[in-house]
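Below: the structure, in structure tokens.
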Amino acid sequence: MKQSLILPLLLVLVLPAVPATAQRSTEVQLGTTAEAWAKTPILVNMLDVLSGGMQAVEAADLVQEVLVSDLGLSGLFLPAMRDVEGDTLEYEFAIEGSVEGPLRDAELTGEDAPTVLNLNLVTWPGRQLLLNKRYRPLPHQQRTSAHHFADQVIEMLAGEPGICLTRVVFSRGAGDRRDLYVVDYDSEGLMRLTANRTLNLCPSWSPDGSRIAFTSYRQSGQQGLFGLDTSNGKVDLIIAVDGLNLGADWHPNGEELLVSLSHKGDPEIYRIRPDGTIIKRLTVSSAIEISPSWSPGGRDLVFTSDRTGTPQLYIIDSDGAGRRRLTFEGRYNDSAVWSPGGDRIAYATREGNFTQIVVMKATGENRRVLTDGRWRNAEDPSWARDGRHLVFASDRTGVFKLYVCDVLEMTFRQLTFGDDPDITPAWSR
């Protein structure tokens, strides 16, 4: 939990040292389905290969596989690769299309040549065309094309934003060396973002995904808040005052951030600009006040304060007025994040000897614990933009890895794998 970062020395997060070799799997069987949610059966037919030989066949197989995975992970559909005789499901829709190529332009040959993907969403079995998209991806772009079409299908049929093109940034490593990594929402495309032999923690995406703010000791060992340009990897300093520079969260308009600074005593919440200019100090107390998170409209923020003796959640207006306590259950509540719809807040709470993930209404009512003791510690939740999925870190295997929860169906899947601890995830918007 982010609160642990303000312990003495402010350097090392205490994580379990027990190694665990994680095996890639599709689901973690710890959830229970509280209610059967209606899902739309949809066929994802094999794509016709019109030209291009084995490369086109492989592209067709990959695109079909990604589409089936995306629609299934959305929680909204029951995808199938073909209409099997005797299948009792009544399909209303189908995806079909074709692959051509690879094309050979003047400077592109062989494996570097693009294919042409023609993808259609149709009614079934009538095959009335509802959506058509044509893509011309290089081999490494084929997954992206499939993700894009899946998002289009989800938005058209469910009226909700898809998350197939979203990514999760997080901190990976042990001891005093942790770097930022990013991974696609479906565990593919893992990429390292920093490599500076120090701590890089608590990343936060800008609304347009062009920048990631994060806390690091990369500048002469002093803690500071930095910004990473996602287009070229360039890192620049945002602010580095004495003491804490922690817990950045971007305003929905992308023009300012919330951050906890302690250069004038105990950690307090500030609004700052992306160039580090302090706009306003929002809290004034002798308590520790950290982990701020904007509401979707940017009018309010939720944060953690120990002003009553234990860390609890509070809400204030964007000008620092109207303080109201949100949590009264639990002796340790932290890392609150507002859902994209603004109606719910997820956070981490201490239950017995472990921390768990909780979701409640933004009013503090209808508190629901998503995880339990079988997860050991579950921390640092972050919402997907669909408001249905949460990513969080847990050491259920003995080492912290990232997991995704479908909060409607209460199903879980592991997102990251490997032996190094993964912490402080943030889902792109």
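The values are calculated or read from the model by the stated rules, or taken from the named source; none is laboratory data. Note that the structure is predicted; figures quoted are calculated from it, not measured. Here Cβ is always computed from backbone atoms with ideal geometry, including for glycine, and neighbour counts include all displayed protein chains.
Which one of Phe354, Phe400 is in contact (Cβ under 8 Å) with a residue 60 or more places away in the chain and over 30 Å from Arg281 (Cα atoms)? Break it down stepwise before answering.
Details: Phe354 fails: in contact (Cβ under 8 Å) with a residue 60 or more places away in the chain.
Just a single option satisfies the conditions, and that option is Phe400.
Restricting to region 264-305, what's the tally of residues that are more than 19 Å from Phe214 (Cα to Cα), of a type in the set (S, T, N, Q) and in a strand (DSSP E or B)?
Count: 1.
Kindly establish whether Val182 is outside the structural domain of Val49 (by TED's automatic domain parsing), modelled with pLDDT of 95 or more and not hydroxyl-bearing (Ser, Thr, Tyr). Spell out the reasoning first.
Numbers: outside the structural domain of Val49 (by TED's automatic domain parsing): yes; modelled with pLDDT of 95 or more: yes; not hydroxyl-bearing (Ser, Thr, Tyr): yes.
Taking the combined requirement at face value, the residue satisfies it.
Condition check ((1) surrounded by 17 or more Cβ atoms within 10 Å (Cβ to Cβ); (2) within 30 Å of Glu65 (Cα to Cα); (3) not acidic (Asp, Glu)) across all residues:
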| residue | (1), (2), (3) |
| --- | --- |
| Thr166 | yes, yes, yes |
| Phe170 | yes, yes, yes |
| Gly175 | no, no, yes |
| Arg178 | yes, no, yes |
| Glu188 | no, yes, no |
| Thr194 | yes, no, yes |
| Leu201 | yes, no, yes |
| Pro207 | no, yes, yes |
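If you take the residues of region 246-266 that are modelled with pLDDT under 95, in contact with a Ser or Thr (Cβ under 9 Å, 6 or more places away or on another chain) and farther than 21 Å from Val182 by Cβ, which of them is surrounded by the fewest Cβ atoms within 10 Å (Cβ to Cβ)?
Going through the qualifying residues, I end up with Gly265.
With respect to Arg385, is the statement that it is assigned to a loop (DSSP other than H, G, I, E, B), within 25 Å of Tyr181 (Cα to Cα) and either in contact with a strand residue (DSSP E or B) (Cβ under 7 Å, 6 or more places away or on another chain) or not assigned by TED's automatic domain parsing to the domain that holds Arg178 (or both) true? Walk me through it before giving the result.
Details: assigned to a loop (DSSP other than H, G, I, E, B): yes; within 25 Å of Tyr181 (Cα to Cα): yes; either in contact with a strand residue (DSSP E or B) (Cβ under 7 Å, 6 or more places away or on another chain) or not assigned by TED's automatic domain parsing to the domain that holds Arg178 (or both): no.
Answer is no for this residue.
With the condition kept exactly as written, say whether any residue in region 332-340 is on the phi > 0 side of the Ramachandran plot and of a type in the set (D, E, K, R). Quick ask: steps written out before the conclusion?
Step one: of region 332-340, the residues on the phi > 0 side of the Ramachandran plot are 335.
If we keep only those that are of a type in the set (D, E, K, R) as well, we get none.
Checking region 332-340: not a single residue is on the phi > 0 side of the Ramachandran plot and of a type in the set (D, E, K, R).
If you go through region 198-209 one residue at a time, do you hit one that is outside the structural domain of Met54 (by TED's automatic domain parsing), at pLDDT 95 or above and within 22 Å of Arg413 (Cβ to Cβ)?
So far as region 198-209 goes, yes, one or more of its residues are outside the structural domain of Met54 (by TED's automatic domain parsing), at pLDDT 95 or above and within 22 Å of Arg413 (Cβ to Cβ).
If you scan region 388-429, which residues turn out to be closer than 23 Å to Thr215 by Cα, among the β-branched types (Val, Ile, Thr) and not in a strand (DSSP E or B)?
If the condition is that a residue be closer than 23 Å to Thr215 by Cα, among the β-branched types (Val, Ile, Thr) and not in a strand (DSSP E or B), then Val399, Thr416 are the ones that fit.
Which residue out of Ser295, Ser291 is modelled with pLDDT of 95 or more, surrounded by 21 or more Cβ atoms within 10 Å (Cβ to Cβ), of a type in the set (S, T, N, Q) and within 22 Å of the chain's Cα centre (by Cα)? Don't jump to the end; show me each part of the working.
On the way: Ser295 fails: surrounded by 21 or more Cβ atoms within 10 Å (Cβ to Cβ).
Among Ser295, Ser291, only Ser291 is modelled with pLDDT of 95 or more, surrounded by 21 or more Cβ atoms within 10 Å (Cβ to Cβ), of a type in the set (S, T, N, Q) and within 22 Å of the chain's Cα centre (by Cα).
Out of (1) closer than 21 Å to Asp406 by Cβ; (2) more than 22 Å from the chain's Cα centre (by Cα), what's the single condition that is false for Pro311?
In the conditions (1) closer than 21 Å to Asp406 by Cβ; (2) more than 22 Å from the chain's Cα centre (by Cα), Pro311 misses (1) alone.
Name the residue that is surrounded by the most Cβ atoms within 10 Å (Cβ to Cβ), counting only residues in region 124-136 that are within 33 Å of the chain's Cα centre (by Cα) and in contact (Cβ under 8 Å) with a residue 24 or more places away in the chain.
Leu131
Gly254: under 25 Å from the mean Cα position of the chain (by Cα), assigned by TED's automatic domain parsing to the domain that holds Arg331 and part of a loop (DSSP other than H, G, I, E, B), yes or no? Break it down into steps so the answer makes sense when it comes.
On the way: under 25 Å from the mean Cα position of the chain (by Cα): yes; assigned by TED's automatic domain parsing to the domain that holds Arg331: yes; part of a loop (DSSP other than H, G, I, E, B): yes.
Answer is yes for this residue.
Restricting region 326-376 to residues that are more than 20 Å from Thr397 (Cα to Cα), part of a loop (DSSP other than H, G, I, E, B) and hydrophobic (A, V, I, L, M, F, W, C), which is modelled with the lowest pLDDT?
Step by step, filter region 326-376, then rank; the result is Phe328.
Return a yes/no flag: does region 209-224 have any residue that is in contact with a strand residue (DSSP E or B) (Cβ under 8 Å, 6 or more places away or on another chain), among the aliphatic types (A, V, I, L, M), farther than 30 Å from Ser69 by Cα and surrounded by fewer than 16 Cβ atoms within 10 Å (Cβ to Cβ).
No.
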